[in-house]
1. Of these, 115, 135, which one is open to solvent by 10 Å² or more (accessible area, probe 1.4 Å), touching a strand residue (DSSP E or B) at 6+ places or on another chain (Cβ under 8 Å), at negative phi and not aromatic (Phe, Trp, Tyr)?
2. I'd like the full set of residues that are surrounded by fewer than 18 Cβ atoms within 10 Å (Cβ to Cβ) and over 17 Å from residue 178 (Cβ atoms), limited to the stretch 140-158.
3. Could you say whether any residue in the stretch 115-126 is within 23 Å of residue 168 (Cα to Cα), touching a residue at least 12 places away in the same chain (Cβ under 8 Å) and either among the polar types (S, T, N, Q) or touching a Phe, Trp or Tyr at 6+ places or on another chain (Cβ under 9 Å) (or both)?
4. Six or more apart or on different chains, Cβ under 7 Å: which pairs go from a residue in the stretch 63-78 that's surrounded by 16 or more Cβ atoms within 10 Å (Cβ to Cβ) to one that's part of a loop (DSSP other than H, G, I, E, B) and of a type in the set (D, E, K, R)? Could you list them?
5. Suppose we keep only residues that are under 26 Å from residue 116 (Cα atoms) and more than 15 Å from the chain's Cα centre (by Cα) within the stretch 31-52. Which one would you say is surrounded by the most Cβ atoms within 10 Å (Cβ to Cβ)?
6. Within the stretch 89-104, which residues are under 22 Å from residue 120 (Cβ atoms) and assigned to a strand (DSSP E or B)?
7. Every residue in the stretch 79-99 that is polar (S, T, N, Q) and open to solvent by 30 Å² or more (accessible area, probe 1.4 Å), please.
8. Does residue 102 count as within 16 Å of the chain's Cα centre (by Cα), farther than 14 Å from residue 8 by Cβ and either open to solvent by 20 Å² or more (accessible area, probe 1.4 Å) or in contact (Cβ under 8 Å) with a residue 60 or more places away in the chain (or both)?
Amino acid sequence: WYGKARLLLADEVGVGKTLSLATSALASALLDDGPVLILAPATLCEQWQAELKDKLGVPSARWLSNRKEWIDAEHRVIRTRGAEDVARCPTRIAIVSTGLIVQGTAEAEALLARRAAPGEAPIGTLILDEAHKARASAQPGQPREPNNLLKFMIRAAAKARHVLLGTATPIQTDIRELWDQLEI
């Protein structure tokens, strides 16, 4: 109805959240909704790329932050000019580590500064795996302060056509953490 999707997929470990989100990325790419940006912990980025290729036959590129270059689904290196090229993925589906966002790197700013082609959203579909990590922290007697990942996601979601969040633990310590995800 609205031409946009904003979904939180919260389910137990091992029931197929990654594959469901990856299928959504495929559908978005096929519908030409704009580029897909998948944010996941560094330990899961290679798994995301393998599942896209092996289970769905979908090419993607994974950003190697330590080398500032892309690696495609065939493990070929695509050289870049540096951190700013994180916003110029060579495929329709980009996989980037949330560690870059948490650390507040130049790559995070480059992703937010990405410009869209005419008639296209800067980010067609934004997917955040392990979404519970985007939250505000609270010290007793202090106001809640959003972490870098939550701040980034709020800004990036405003530029994205579709936003999909996946987590097995939407609430870790406080019910307000769920509201942080819903704010995205």
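1. Of 115, 135, the one residue that is open to solvent by 10 Å² or more (accessible area, probe 1.4 Å), touching a strand residue (DSSP E or B) at 6+ places or on another chain (Cβ under 8 Å), at negative phi and not aromatic (Phe, Trp, Tyr) is 135.
2. Across the stretch 140-158, the qualifying residues are 140, 141, 142, 143, 145, 148, 151, 155, 158.
3. Yes, there is a match, as at least one residue in the stretch 115-126 is within 23 Å of residue 168 (Cα to Cα), touching a residue at least 12 places away in the same chain (Cβ under 8 Å) and either among the polar types (S, T, N, Q) or touching a Phe, Trp or Tyr at 6+ places or on another chain (Cβ under 9 Å) (or both).
4. Taking only residues 6 or more apart or on different chains, the pairs are 69/79.
5. Here the residue is 33.
6. Of everything in the stretch 89-104, those that are under 22 Å from residue 120 (Cβ atoms) and assigned to a strand (DSSP E or B) turn out to be 93, 94, 95, 96.
7. Those that are polar (S, T, N, Q) and open to solvent by 30 Å² or more (accessible area, probe 1.4 Å): 80, 91.
8. yes
The values are calculated or read from the model by the stated rules, or taken from the named source; none is laboratory data. These figures come from a predicted structure and were not determined experimentally. Positions of Cβ are backbone-derived with ideal geometry, glycine not excepted, and every protein chain shown enters the neighbour counts. Ligands, DNA and RNA are excluded from the accessible area calculation, which covers all protein heavy atoms including side chains. Shrake-Rupley method; radii C 1.70, N 1.55, O 1.52, S 1.80 Å.
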